[in-house]
Amino acid sequence: MYVTDDDSARVLSELRRVTRPGGLIASKESDGELFRLPPVPRQHRAPFDHANLVIPGFRRARQNLHWYRRAGLEDVWAKSVLVERWAPLDDVNRQHILGLCRGGLVTLNKLDPASVSDETRAFWEQQADPESPNCVANRPDFAFAVAQVVTVGRVPVQRIASTEPKHPRQEGGVT
């Protein structure tokens, strides 16, 4: 499930409400700042620069610590894991990369057409075509890297007030 920045506080509040005290809430997000697809020439990286148009939170992974703490979670921590894929790709990873490339084309279509060169649009049309010899997923020099950030927080345990009588001195009584 993708959560927009606007929905983050509401979603974490609801997760906190339905999770038992002491229970864990966790999420995993790709860190869009560390998304690398080296065979893509720099001049054609527009889809990655504007990925939030298609994937809400694409550049938010490192802000999750703040969101978790703001939601009142305790013992909050995060860990980044680097995911890399190299040529030759197996079928599962090839389909994943082709999906990312199709997403690049979807992102381009959401941008102002005047801001995208014909050359960049043609490049991404080739990336979305699994039969194209120019598709990065078909290249022998293919490489891909992204960091996945796992964030975890604990729902506070409610402290129950003691039902034992207070010491008389505490109640203002005589000892």
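The values are calculated or read from the model by the stated rules, or taken from the named source; none is laboratory data. Quick caveat, the model's predicted, so the values are computed rather than measured. Every residue, glycine among them, receives a Cβ derived from its backbone with ideal geometry; neighbour counts consider all protein chains shown.
Within segment 119-127, does at least one residue satisfy the condition of being among the charged types (D, E, K, R) and touching a Ser or Thr at 6+ places or on another chain (Cβ under 9 Å)?
Scanning segment 119-127, I find at least one residue that is among the charged types (D, E, K, R) and touching a Ser or Thr at 6+ places or on another chain (Cβ under 9 Å), so the answer is yes.
Is segment 60-76 home to any residue that is modelled with pLDDT under 85 and among the hydroxyl-bearing types (Ser, Thr, Tyr)?
Looking through segment 60-76, none of the residues is modelled with pLDDT under 85 and among the hydroxyl-bearing types (Ser, Thr, Tyr).
Considering every residue within segment 142-154, establish whether at least one is at pLDDT below 85 and either exposed (fewer than 12 other Cβ atoms within 10 Å of the Cβ) or within 30 Å of Leu73 (Cα to Cα) (or both).
No, the conditions are met nowhere in segment 142-154.
Is segment 40-56 home to any residue that is modelled with pLDDT of 85 or more and surrounded by 13 or more Cβ atoms within 10 Å (Cβ to Cβ)?
No, that holds for no residue.
Taking segment 60-90 on its own, how many of its residues are in a loop (DSSP other than H, G, I, E, B), surrounded by 17 or more Cβ atoms within 10 Å (Cβ to Cβ) and not aliphatic (A, V, I, L, M)?
1
Could you grab the pairs with beta carbons closer than 8 Å, sequence gap of 6+ or different chains, first residue in segment 4-30 and at pLDDT below 90, second one in a helix (DSSP H, G or I)?
Ser8/Trp67; Ala9/Trp67; Ala9/Arg70; Glu29/Ala61; Glu29/Asn64; Ser30/Ala61
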